[in-house]
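The values are calculated or read from the model by the stated rules, or taken from the named source; none is laboratory data. Because the structure is predicted, anything quoted here is derived from the model rather than measured. No Cβ is skipped: glycine too gets one built from the backbone with ideal geometry, and neighbour counts run over all protein chains shown.
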Amino acid sequence: MRLRGYSTGRTDAAGAARLEEVARLDGLEVRPLRIAAGLHLKSSCSLAAPDLVVHDAGLDPEPFRAAGLRTLATEEPAGANALLVGRVLLVSSAAPSTAARLRSAGIDAREVEAGEFHKGDGALTCLSIRLPKLGAWAT
């Protein structure tokens, strides 16, 4: 899928096209999404489990559903930026309702204090680089 007519200070059509080329080498597909607000995609959605994406209520969940994923929308700004570490999902304590809903869905969601990072427009995914097992993004 090509990114057409999208341009932000961080991503444009040329950048998306290059990402497509590189991803294709590993058999991956790029599916660009419109982000209404936030610094990057991980500010608006996160993998909460191998088959579940938690996302900002303003983000269209249909591309995730089309890929066979379940979705959970959150109204709490910090709730969409969670970090899956093994089978544990770290959620900012600034999103207690999101954490509770995730636990109700069977996710081992654990709240952590990230307030100082939020002050600088940062969050849990901003502080991490995921290094999954070869061929696995969530296990």
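Filter the stretch 33-67 down to the residues that are part of a strand (DSSP E or B) and among the β-branched types (Val, Ile, Thr) and list them by number.
Within the stretch 33-67, VAL53, VAL54 meet the criteria.
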*Complete set of residues in the stretch 48-92 that are within 22 Å of ILE129 (Cβ to Cβ), surrounded by fewer than 14 Cβ atoms within 10 Å (Cβ to Cβ) and free of Cβ contacts under 8 Å to residues at least 60 places away in the same chain*: VAL85, GLY86, ARG87, VAL88
_Residue within the stretch 96-114 that is loosely packed, with under 14 Cβ neighbours inside 10 Å, over 22 Å from GLU29 (Cα atoms) and among the basic types (Lys, Arg) present_ = no
*Can you tell me which residue in the stretch 78-121 is farthest from ASP56 (Cα to Cα), limited to those that are among the polar types (S, T, N, Q), outside any strand (DSSP E or B) and under 15 Å from the mean Cα position of the chain (by Cα)?*
THR98
_Name the single residue that is nearest to the chain's Cα centre (by Cα) among those in the stretch 42-77 being among the aliphatic types (A, V, I, L, M) and more than 21 Å from GLU111 (Cα to Cα)._
LEU59
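Which is touching a residue at least 12 places away in the same chain (Cβ under 8 Å) and within 30 Å of ALA14 (Cβ to Cβ), of ALA123, ALA95, ALA105, ALA99? Please lay out each step first, then the result.
On the way: ALA95 fails: within 30 Å of ALA14 (Cβ to Cβ); ALA105 fails: within 30 Å of ALA14 (Cβ to Cβ); ALA99 fails: within 30 Å of ALA14 (Cβ to Cβ).
Being touching a residue at least 12 places away in the same chain (Cβ under 8 Å) and within 30 Å of ALA14 (Cβ to Cβ) holds for just one of ALA123, ALA95, ALA105, ALA99, which is ALA123.
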_Tell me whether the stretch 68-75 contains one or more residues that are in a loop (DSSP other than H, G, I, E, B) and touching a Cys at 6+ places or on another chain (Cβ under 8 Å)._
no
_the stretch 31-47 - residue that is at pLDDT 85 or above and not hydroxyl-bearing (Ser, Thr, Tyr) and, of those, surrounded by the most Cβ atoms within 10 Å (Cβ to Cβ)_ = CYS45
